[in-house]
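*Asks:* Supplied in structure tokens, the structure appears directly below.
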Amino acid sequence: MSALRRHRRLTAIWASEPGWKGWFSTVNHTDVGRMFLATSFFFFLVGGILAMLIRAQLATPHSAFAGPEVYNQLFTMHGTIMMFLFAIPTFEGLAIYLLPKMLGTRDLAYPRLTAYGYWCYFFGGGMLLFSLLAGIAPDGGWFMYPPLTGPIYSPGINTDFWLIGITFVEISAICAAVEFCVSILRYRAPGMSLDKMPIFAWYALVTSLMILTGFPPLILGSVLLEVERAFGLPFFQAELGGDSLLWQHLFWLFGHPEVYIIFLPAAGVISTVIPVMCRTTLLGYGWVVAAAVALAFLSFGLWVHHMFTTGIPHMGLAFFSAASTLVAVPTGVQVFAWIGTMWKGRPELHLPMLHILGFFVTFVMGGLTGVMVAIVPFDWQAHDTAFVTAHLHYVLFGGFVFPILAAIYYWLPLFTGRTRFFKLGELAFGLIFVGFHGTFLAMHWVGLLGQRRRIETYDAEAGWTTINLVSSVSSFVLAIGLAMVLLDVLLHFVVAVRGRRNPWHAGSLEWAMPAPPPAYNFASLPVVETRDPVSSDPHLAVRLARGEGWLADPALDRRETLTVEPSSGTPEYMVIYPGNTRLPIVFAAITGLFFLSLLIKVYWLTPIALAGIATVGWRWVWSLAQPVDLGPQEAGRGERLPVSGETDRAPGWWGSAFLLAADATFFGSLLFGYAFLWTVAPGWPPPELLEPSLLELGVGLAGALVASIGMRIAIRGNRSRGTGVAGLAVALTGTAAAALAVASLMIRVPAPAGHAYDATLFVLGGYALFHAALAGLMQTFLIVRVRRGFTSPARRAEFPIVCLWADYLALVTILVLVVAHLPGWLA
Amino acid sequence: MTDVLRILVAPLVWLAAFSGVYGLHGVGCAFGWADVELLSISLFRVALLAAWGAAVLLQLSLIPTLGSNRFGSAAPFVRRTSVALAWVGLVATLWTLLPVAVMSACD
Amino acid sequence: MFAGATLILAFVLVLLALAFRPRSVPPDERGQTRFWIIGLGLGFSMTILAALLAYGLTVGERLLPRDSAETVAVRAVAERWSWSFGYEELPGHVTENVLHIPAGRPVDVAITSVDVVHSFWVPRLAGKLDAIPGHVNVLRIEADAPGTYDGLTAEFNGEGYEEHEFLVIAHDEADWQAFLRGEAP
Ligand code: HEM
Ligand SMILES: [Cu+2]
């Protein structure tokens, strides 16, 4: 087969539907990545406009431009949009677009999930945008402290937009994180062992693990606050045994890692771009990987530094002060590794490199002011002043926006296959750099003079007028610079001329394909022997197009790729992807309906939406059915590999495992909340404890164990006799018993709306009940599957997946019942 | 997959120890354990120091374990990285829990 | 602290600038790793940060309120958008938006809130401490000289946030005694 015929054939298999209709049914990572990036930059624009309005308001004292009602919405939405709708989705979009190309494979692990995540982001972002345009946007600041945001002090719908919209958007982050973990660990080119992975993939892996453990506390906090607002279950009201400090812990447990979730992908970009711009390789690859992992972990030990002024005992603060200084060490290691790389090679001042230099100057300054506020006595003065706002922009703009601008200019030739024609970018960089530092150096200063953050105006006597004016004027210079970048990129798409492949002479695999990339990425999958495959084999692209790699034969008209063993990179099994489908957008719309029903409080719609979610979810999984045993398949290069449905650890198992890691973090945060309220909140112990019930406990524990054992019987039965129905029936019975026990717990809770204790028990029970319903649904599904003949001793992959969820249910049920009954016994 | 766990284990131990000691400190202060004394040493301080010591010992033992042929990775890259991170875990444990030795407990 | 930070920034910038000078470097990865990563990345950063942390912890420990017979106890209750202050030595007496203290003596302010989270901040006397519903936080302040000091609320609390301010008046001994006798000074 000639290269051209192979290209035509593969394109026919992989292409999305032509025209704009294709957007709604595409599941291809290149398309979805582009959609993500376009949407996130749109939100950057919106957030930027809000920033300009803020600076316009603060330019002069007693400005009549916006009153507090409007101003509070402005800064809240600015912060919220920048963090949740710009920064995180930009990482997702970039990684969705790049990862399969860098890893030498054809798509991410779950193409439909990629699209689902996008649509959740799209609809959730739309909700927030609507609230902004309608003038009912959230106005409690981006960290939404209750009781200010509670039902009493914010009765309007504004706060609900935040809680519900952001949770909706968060789904896309969790989906993407699960997908990245599985893709990076398993979906790589044959031979790409851990030490040959492109450094960006390491950073994306670390970031994804952080999303899985960092976002659940916030989702939990949002759920609890929304439940308090909508149904009156008190979690954050001191009069009813709640504690607003719980929110602060949950929020910052997310919020600090969030900063590194934003920075690490940018650091991945820097580690990728600097060596190429300097014609060398990264200095100390292993050290940089270790530093990224260390940074990720340490960042989970910092959250209390946002709460230095809340009256926590000094030793408690000191732990976090110490961790906050220590976290600068791995950051320092990376910074010096990058400078060392520049010394090792010969830096060339192309446009991406300019932005990297902008990064260095800005981020180092942000890091230094960060270390200052990590020192408790200093923070007691600087906290909640413009100094902190300035610091956070040095870190976020320096640590994210500059690297992302570098990334845009670095990968633009790949995105479009063109070279830049107008030289607007250099001028834009100058304006951005000068404008940024003008804006925020001034804000440091005025913060030290005592200007608080989040004030809509100030007195002329305060003596801040000139500084604020300088800041505002500079911010408009900055805005003009950013607008020029936008113009530059648009012009690039429209008028620029076709460019060479791999203009930077980079070594990573994304350059071993035509530009713009075809839907299938690689006509055949490369065999990787070094960390920079394209440098060691400049003709790689041509050889792959000729079909000299794996999976070169598209004879069967299906979307194929293969997975490898995580650490060595030896091929393990083959994956056949589903094709274009509108299922993701439909699923996201129904998910949106669920959130909408909560938002506008039309509760009869909620169960309908939930039923819809279950139905579409069922179809989603059902469509992966494999009617016959396929056996090992031709994978090219004379090797045969099994298909994923005929293995014990299919992609679905790995995805479930990572999703459960996030789920367990959620559960852990809930247990932490319970313990926290018990020890710290006023009004505890509660007036009335749950009456211990041996029957409930017995039924629940037995059910949990039976559910888990039943699944093991089912796996055995399927392996030996090709049917697992008996075991599944046992498991389903156990699941039902567990559900019964936790439902009884929820009913017996004395007064859910009366005290935080009761409210927490109610939520714990609800959490377990939800997992019982989920496990029951899965078991039923599998029974139907078996009866319809879609499983066999070979086609066994679905059993271990359901087993995993049943085991988790068992764990949850036991823990919930025990922590609910324990206090009653001890008393 | 075990290789990924080898890389993550030492920092995970740090995270567990850090949260554990912070939790112990919070609970102790909330319930007034700091005032229980034996031979004019606060038992609470002793408990915090013991937890710190145990965490340090655990981290110390991880360094040779991850470098050993028996438990360490066969891949040199993973072995080097996991040992480096074991050092990170040790330093982080020493550094971030140092306050149990030098600060006053519950003020 | 700011001087140190400027020095470090200058150091990094010089290193960056030097990367652009024309030169021929011997390819010695090991040596470079040792210099950049172990020397600068680990050694340099850890030394500076350890010093900084030690400084921070000692200062923090010194700022802790120590018991002394001199101490005056007052109570600050925050509410949207006002503060009311009570005095241990003058039970029942409440002042709105003005806190009276004696100059030259340590004052313990017990801070709490009846609605949302606020923060008590008198920039010239001490750092901030939050007023949290259901909790009482104690802040030690001390005014060296008699006079008035501006106080601010430093945690966003809704629409009246910008104007949520108060005044601290530090009296000399005679005025303070008069205040305690209930004669408004
Ligand atoms: C485009 C240039 C930007 C300008 C001129 C700008 C300006 C500002 C200003 C003046 C404030 C303070 C509002 C106040 O305290 O009253 C603010 C707050 C904030 N900004 Fe930006 N910003 C920019 C970009 C960004 C970016 C890129 C991010 C994050 C990725 C970001 C995140 C935030 C956050 C989280 C807050 C705090 C909001 C709050 O207090 O609730 N900003 N910004
Ligand atoms: Cu932080």
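*Asks:* Once whole DSSP H runs in chain B are found, which of them have Cα atoms spread over 15 Å or more along the helix axis and a mean Kyte-Doolittle score of at least 1.6?
*Replies:* B:43-67
*Asks:* To continue, here is another question. Using a basic spin-label model with each label point 7 Å from the Cα along Cα→Cβ, how many nm lie between A:Leu826 and C:Glu89?
*Replies:* The modelled label-to-label distance comes out at 4.4 nm.
*Asks:* 222 nm [θ] for chain A, helices only, -39500 (n - 2.57) per DSSP H run of 4+, per residue, to 500?
*Replies:* Details: 27 runs with 539 residues, N = 827.
Result for chain A, helices only: -22500 deg cm²/dmol.
*Asks:* Let me ask you something else. Lys and Arg at +1, Asp and Glu at -1: add these up for the other residues within a Cβ distance under 12 Å of C:Glu88 and post the number. Don't skip to the answer; put the middle values down first.
*Replies:* Values: positive: C:Arg75; negative: C:Glu89, C:Asp108.
Surrounding charge for C:Glu88 is -1.
*Asks:* Looking at the protein assembly as shown, send over the antiparallel percent of its DSSP beta bridges, to the nearest 5.
*Replies:* On the way: 40 of 54 bridges.
Approximately 75 percent, going by the DSSP bridge assignments.
*Asks:* Per residue of C:157-165, what is the mean number of Cβ atoms on other protein chains within 10 angstrom of that residue's Cβ?
*Replies:* If you average over the peptide's residues, the count of other-chain Cβ atoms is 5.
*Asks:* Picking from A:Ala390, A:Val361, A:Gly311, whose Cα lies most toward the positive end of the charge dipole for segment A:270-428 (charges on Cβ: Lys, Arg +1; Asp, Glu -1)?
*Replies:* Going by the Cα projections, it comes out as A:Val361.
*Asks:* If you stretched the chain out fully between A:Ile608 and A:Ala12, how much longer would it get, using 0.36 nm times the residue separation minus the C-alpha to C-alpha distance? Present the calculation step by step, with values, prior to reporting the outcome.
*Replies:* On the way: separation 596, 0.36 × 596 = 214.56 nm, distance 3.85 nm.
Computed gain between A:Ile608 and A:Ala12 is 210.7 nm.
*Asks:* Counting only DSSP beta bridges with both residues in segment C:72-180, what percent are antiparallel, rounded to the nearest 5?
*Replies:* 65
*Asks:* So if I take the centroid of the Cα atoms in segment B:16-71 and the same for segment C:99-132, what is the distance between those two points in Å?
*Replies:* What the calculation gives is 34 Å, centre to centre.
*Asks:* Sort A:94-101, A:388-395, A:460-467, A:732-739 for me by packing, meaning the mean count of neighbouring Cβ atoms within 10 Å per residue, highest on top.
*Replies:* A:94-101, A:732-739, A:388-395, A:460-467
*Asks:* Taking a virtual spin label 7 Å from the Cα of C:Glu183 along the C-beta vector, which residues in segment C:78-94 bring their backbone nitrogen under 18 Å of it?
*Replies:* C:90
*Asks:* Oh, and also: Distance from a point 7 Å along Cα→Cβ of C:Thr58 to each backbone N in segment B:91-107: keep the residues under 18 Å and list them by number.
*Replies:* B:98-104
*Asks:* Please work out the FRET efficiency for the pair A:Ser536 and A:Glu348, using the Cβ-Cβ distance as r and a Förster radius of 22 Å; give the result to the nearest 0.05. Could you put the intermediate results ahead of the total?
*Replies:* Working: r = 21 Å, r/R0 = 0.97.
After rounding to 0.05, the efficiency reads 0.55.
*Asks:* Can you give the charge dipole size of the protein assembly as shown about its Cα centre, rounded to the nearest 20 debye, using +1 on the beta carbon of Lys and Arg and -1 on the beta carbon of Asp and Glu?
*Replies:* Approximately 5840 debye in magnitude.
*Asks:* As I understand it, the dipole of the protein assembly as shown uses +1 on the Cβ of Lys and Arg and -1 on the Cβ of Asp and Glu, about the Cα centre. Which of A:Phe65, A:Leu774, A:Gly214 lies farthest toward its positive end?
*Replies:* Result: A:Leu774, furthest along the dipole toward the positive end.
*Asks:* Give the residue from C:Val136, C:Thr148, C:His164 lying farthest towards the positive end of the charge dipole for segment C:124-173; charges sit on Cβ (+1 for Lys and Arg, -1 for Asp and Glu) and the dipole is referred to the Cα centre.
*Replies:* Result: C:Val136, furthest along the dipole toward the positive end.
*Asks:* Which trypsin sites (Lys or Arg not before Pro) does segment A:602-640 hold that lie in a coil by DSSP with at most 16 other beta carbons within 10 Å? Don't skip to the end; give the middle numbers.
*Replies:* On the way: sites: A:Arg619, A:Arg637, A:Arg640; in loops: A:Arg637.
Filter output for segment A:602-640: A:Arg637.
*Asks:* While we're on this one: Ranked from highest to lowest mean number of other Cβ atoms within 10 Å per residue, what is the order of the peptides B:44-54, A:499-509, A:296-306?
*Replies:* A:296-306, A:499-509, B:44-54
*Asks:* Return the FRET efficiency for the residue pair A:Leu815, A:Leu490: r is the Cβ-Cβ distance, R0 is 45 Å, and the value is rounded to the nearest 0.05. Intermediate values should be presented prior to the final figure.
*Replies:* Numbers: r = 54 Å, r/R0 = 1.20.
According to the calculation, E is roughly 0.25.
*Asks:* Residue by residue through segment A:143-153, what is 3J(HN,Hα) from phi via Karplus (6.51 cos²θ - 1.76 cosθ + 1.60, θ = phi - 60°)? Round to whole Hz and write x for glycine and proline.
*Replies:* So the Karplus estimates, Gly and Pro as x, are 9, 6, 5, x, x, 4, 9, x, x, 7, 9 Hz.
*Asks:* Evaluate the distance, in nm, between pseudo-label points positioned 7 Å from the Cα of A:Trp20 and of A:Arg640 along their respective Cα→Cβ axes.
*Replies:* 5.0
*Asks:* Under unit Cβ charges (Lys, Arg +1; Asp, Glu -1), what dipole magnitude, rounded to 20 debye, does chain B have relative to its Cα centre?
*Replies:* In debye, rounded to 20, chain B gives about 560.
*Asks:* Report, in deg cm²/dmol and to the nearest 500, the calculated mean residue ellipticity at 222 nm for chain B, where each DSSP H run with n ≥ 4 adds -39500 (n - 2.57) and the sum is divided by the residue count. Walk me through the numbers before you get to the answer.
*Replies:* Working: 4 runs with 79 residues, N = 107.
Helices in chain B give a 222 nm mean residue ellipticity of -25500 deg cm²/dmol.
*Asks:* Another one. If you take each beta carbon of peptide A:450-456 and count the beta carbons of other chains within 10 angstrom, what is the mean?
*Replies:* Numbers: counts 6, 0, 10, 2, 6, 6, 3.
Neighbouring Cβ atoms belonging to other protein chains average 5 per residue here.
*Asks:* Turning to a different aspect of this structure: Rounded to the nearest 20 debye, what is the charge dipole size of segment C:69-185 about its Cα centre when +1 sits on each Lys and Arg Cβ and -1 on each Asp and Glu Cβ?
*Replies:* 220
*Asks:* Now a separate question. Between A:Trp622 and C:Val98, take the C-beta separation as r, use R0 = 56 Å, and let me know the FRET efficiency to the nearest 0.05.
*Replies:* The formula returns an efficiency of 0.20 here.
*Asks:* Another one. Using alpha-carbon positions, what is the distance between the centroids of segment A:503-529 and segment A:422-463, in Å?
*Replies:* The distance from the Cα centre of segment A:503-529 to that of segment A:422-463 comes to 42 Å.
*Asks:* Sticking with this structure for a sec: So how far, in whole Å, is the C-alpha centre of segment A:234-251 from the one of segment A:307-375?
*Replies:* Cα centroid to Cα centroid, the span is 33 Å.
*Asks:* I've got another one for you. What helices in chain A pass both tests, a Cα length along the helix axis of 30 Å or more and a mean Kyte hydropathy of 1.0 or higher, using whole DSSP H runs?
*Replies:* Values: long enough: A:29-58 (42 Å, 1.23); A:111-133 (33 Å, 0.85); A:158-186 (42 Å, 1.33); A:199-231 (47 Å, 1.45); A:244-277 (49 Å, 1.27); A:351-374 (34 Å, 1.86); A:424-448 (36 Å, 1.40); A:465-495 (44 Å, 1.96); A:651-680 (43 Å, 1.08); A:694-721 (38 Å, 0.76); A:725-748 (34 Å, 1.79); A:756-787 (46 Å, 1.14); A:798-826 (42 Å, 1.71).
TM-like helix candidates: A:29-58, A:158-186, A:199-231, A:244-277, A:351-374, A:424-448, A:465-495, A:651-680, A:725-748, A:756-787, A:798-826.
*Asks:* Okay, moving on. Could you work out, residue by residue across C:11-19, how many beta carbons of other chains sit within 10 Å of that residue's beta carbon, and then give the average as an integer?
*Replies:* Working: counts 1, 11, 4, 0, 7, 11, 1, 3, 13.
Mean partner-chain Cβ count within 10 Å for C:11-19: 6.
*Asks:* Restricting attention to segment A:577-685, which chymotrypsin sites (Phe, Trp or Tyr not before Pro) occupy a DSSP loop and are surrounded by at most 15 other Cβ atoms within 10 Å?
*Replies:* Here the sparse-neighbourhood loop sites are A:Tyr603, A:Trp604.
All of the numbers you see were taken from the coordinates with simple rules; none came from a lab. From a predicted model like this one, the values you see are computed outputs, not experimental measurements. Here Cβ is always computed from backbone atoms with ideal geometry, including for glycine, and neighbour counts include all displayed protein chains.
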